[in-house]
Amino acid sequence: MTHFTLGFAIALAVGLTGIGGGCFTVPALLLLVGLPAGEAAGTAFVFAGVLRLIASPFYLFGRQVNSRYFRLLLQGAVPGLALGMLALRAATKNESSPIVVIVLGLLLAASSSVTFLPRLQNHGFSLKKSHWLPSLAFPIGVESGFSSAGAGALGTVLLLNYSEMTPAQVVGTDLVFGLVLAIIGSAVHWTFGSISTPVLLQLLAGGLPGVVVGCLLARKVPARKLKAVVALIAMCAGLQLVWSGARTLRAKHTTNAAKLLAHVQEAARP
């Protein structure tokens, strides 16, 4: 029942704002379910991909997807996605993922806060210097590949602040953008075997109706409020990732200290 409720809540956020598939699912799977970092990211990738697959037609049929910005984002994000997944694979083997998750969480929270700083916003940036968008999308791909988060949160914040699109168009464009990344990432994680099928099925049981409800409600949410909700969700997601990484890192330090103390006491015995 917990997984059903969790899946519904996350899917509702995805349908309503276009973000939350990865940046909420990964911390939840780490903290509440107890999955390893690699398995949590892989499961979140597939879950987010299915949600975006259902949500995207709502925006495609409503002509709320900008093909130009979609292509520019993919040009930079796909290479970054590959790099991020390789980093996740290496970090999982070397047991260094908690530190990286903390850094990514801080980056997510800091970047989403740009929405609340009007002086830093530049809505004409993409029209005049659109060739920079692939470069800005590259780190989004890296974060998405490593933690499955970022495609929705950071992509939405980027387009909200550096394009002339309405919030609804931003959500639609970013949903399709995140869908492509999720398909690629899901295929790779499936090959790695880093997906928990039982947890995924329980999340989808609540997620499928949740994303439909979110997409239907999105049309009734005022544009300004939608923008604020998107930014707040992204900031909360970043803090959740920091909390998750810090908790895991502290647990490892405590365990290592206990082992060292036990070793010293054993060596000191006559």
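Things to note:
- Leading residue by the ranking (nearest to Pro167 (Cα to Cα)) among those in region 188-220 that are modelled with pLDDT under 85 and surrounded by fewer than 17 Cβ atoms within 10 Å (Cβ to Cβ): Arg219
- For region 159-187, a tally of residues being open to solvent by less than 20 Å² (accessible area, probe 1.4 Å), assigned to a helix (DSSP H, G or I), under 14 Å from Asn66 (Cα atoms) and not β-branched (Val, Ile, Thr) returns 7.
- Of all the numbered requirements in (1) more than 18 Å from the chain's Cα centre (by Cα); (2) within 24 Å of Arg89 (Cβ to Cβ), Leu30 misses one, and that requirement is (1).
- Test set (1) within 19 Å of the chain's Cα centre (by Cα); (2) β-branched (Val, Ile, Thr); (3) at pLDDT below 85 - Val180 fails condition number: (3)
- Members of region 1-60 found to be buried (at least 24 other Cβ atoms within 10 Å of the Cβ) and touching a Cys at 6+ places or on another chain (Cβ under 6 Å), listed by number: Gly15, Ala55
- Condition broken by Tyr69, with the remaining ones in (1) open to solvent by less than 10 Å² (accessible area, probe 1.4 Å); (2) modelled with pLDDT of 80 or more; (3) under 25 Å from Val101 (Cα atoms) satisfied: (3)
- Any hit, region 248-262, residues being closer than 21 Å to Tyr59 by Cα and either modelled with pLDDT under 75 or open to solvent by 80 Å² or more (accessible area, probe 1.4 Å) (or both): no
- Selection status of Leu35, assigned to a helix (DSSP H, G or I) and modelled with pLDDT under 85: no
- Among the residues of region 121-135, just one is modelled with pLDDT of 75 or more and crowded, with 20+ Cβ neighbours inside 10 Å, namely Leu133.
- Inspection of region 43-51 finds no residue satisfying the criterion of being out of contact with any strand residue (DSSP E or B) (no Cβ under 6 Å at 6 or more places or on another chain), in a loop (DSSP other than H, G, I, E, B) and modelled with pLDDT of 75 or more.
- Within region 136-176, the set of residues being farther than 24 Å from Arg63 by Cα and among the polar types (S, T, N, Q) comprises Ser144, Ser147, Ser148.
The values are calculated or read from the model by the stated rules, or taken from the named source; none is laboratory data. Just so we're clear, the structure is a prediction, and the values are computed from it rather than from any experiment. Note that we place each Cβ from the backbone using ideal geometry, even for glycine, and neighbour counts take in every protein chain shown. For accessibility, only protein heavy atoms count, side chains too; no ligands or nucleic acids. Shrake-Rupley method; radii C 1.70, N 1.55, O 1.52, S 1.80 Å.
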